[in-house]
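Take a look at the structure below.
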Amino acid sequence: MSDHRSPVVQMPNMQELGGSAPQTPPFVRLPFFPTAPYYSTRPNVGYQSRFYGATCDQQTKDVETIRTVQFDMPCVLIAINGSAIDTTNPANYTGLNPRDLFLFRMEYSTGDKLMTAARLASTCIGSQANPGEVGGYGYTINPGASVVLGITPLLSNTLRIDITLVCLEARGPSNYTLGG
């Protein structure tokens, strides 16, 4: 092996981070809530939870607001949480589910739609107390990709709507490699 080092111009994709030892599979699954993402068996790949977010607070009723969330590291989306509050008088909506106050949709940068159409948020996202899990092994997002969040308030223009994307990031050993 050479000591020649060179910069990595493009971060590896999730599938490139899998282990390569012949006696073990490239990935194993471990639970993260009931959702069970794949974990690499490569010993120098680490994982870190990260909460990405977007806020919609200047909007018009029934008009979709777009927010884009950029990802620099490969990760798996585990859950989508969100809530809304009336910023002028929070008591206006006491007793209502805050996720019944807006529609939500999410689309990957490739055009792949996690929700095929905007849905009442209470049907597709959760809260911190009851996370809106993606399920299965999650939703894989590669480095450099982004997701588009479509948020449509159903009431007054005084709502503040926060969306949190609960992700498990995969981290390689460094941003350079040894030449061969």
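Miscellaneous remarks
- Within the range 91-101, considering residues that are modelled with pLDDT of 85 or more and not polar (S, T, N, Q), the one farthest from Gly132 (Cα to Cα): Leu96
- Residue pairs meeting the criteria (Cβ under 8 Å; at least 6 apart or on separate chains; first in contact (Cβ under 8 Å) with a residue 12 or more places away in the chain and of a type in the set (Asp, Glu), in the range 58-76; second in a strand (DSSP E or B) and surrounded by 11 or more Cβ atoms within 10 Å (Cβ to Cβ)): Asp62/Thr152; Asp62/Pro153; Glu64/Leu103; Glu64/Gly150; Glu64/Ile151; Glu64/Thr152
- Against the test of being more than 25 Å from the chain's Cα centre (by Cα) and modelled with pLDDT of 85 or more, the options Thr24, Thr88 yield a single qualifying residue, Thr24.
- Boolean, Arg119 is within 26 Å of Asn13 (Cβ to Cβ), at pLDDT 95 or above and out of contact with any Ser or Thr (no Cβ under 6 Å at 6 or more places or on another chain): no
- Only one entry of Ser127, Ser146 meets the criterion of being at pLDDT 95 or above and either within 30 Å of Leu30 (Cβ to Cβ) or not basic (Lys, Arg) (or both), and that entry is Ser146.
- Residue, farthest from Leu103 (Cα to Cα), within the range 35-80, restricted to residues that are over 19 Å from the mean Cα position of the chain (by Cα) and either modelled with pLDDT of 95 or more or among the acidic types (Asp, Glu) (or both): Asp57
- Filtered residues of the range 159-174 (kept if of a type outside the set (A, V, I, L, M, F, W, C) and either closer than 17 Å to Gln15 by Cβ or surrounded by fewer than 20 Cβ atoms within 10 Å (Cβ to Cβ) (or both)): Arg160, Asp162, Glu169, Arg171, Gly172, Pro173, Ser174
- Strands (runs of 3 or more DSSP E) fully within the range 49-155 counting 3 or more residues that are of a type in the set (Phe, Trp, Tyr) and buried (at least 16 other Cβ atoms within 10 Å of the Cβ): 102-108
The values are calculated or read from the model by the stated rules, or taken from the named source; none is laboratory data. Everything numeric here is computed off the predicted structure, so don't read it as measured data. Virtual Cβ from ideal backbone geometry, glycine too; neighbours counted across all protein chains shown.
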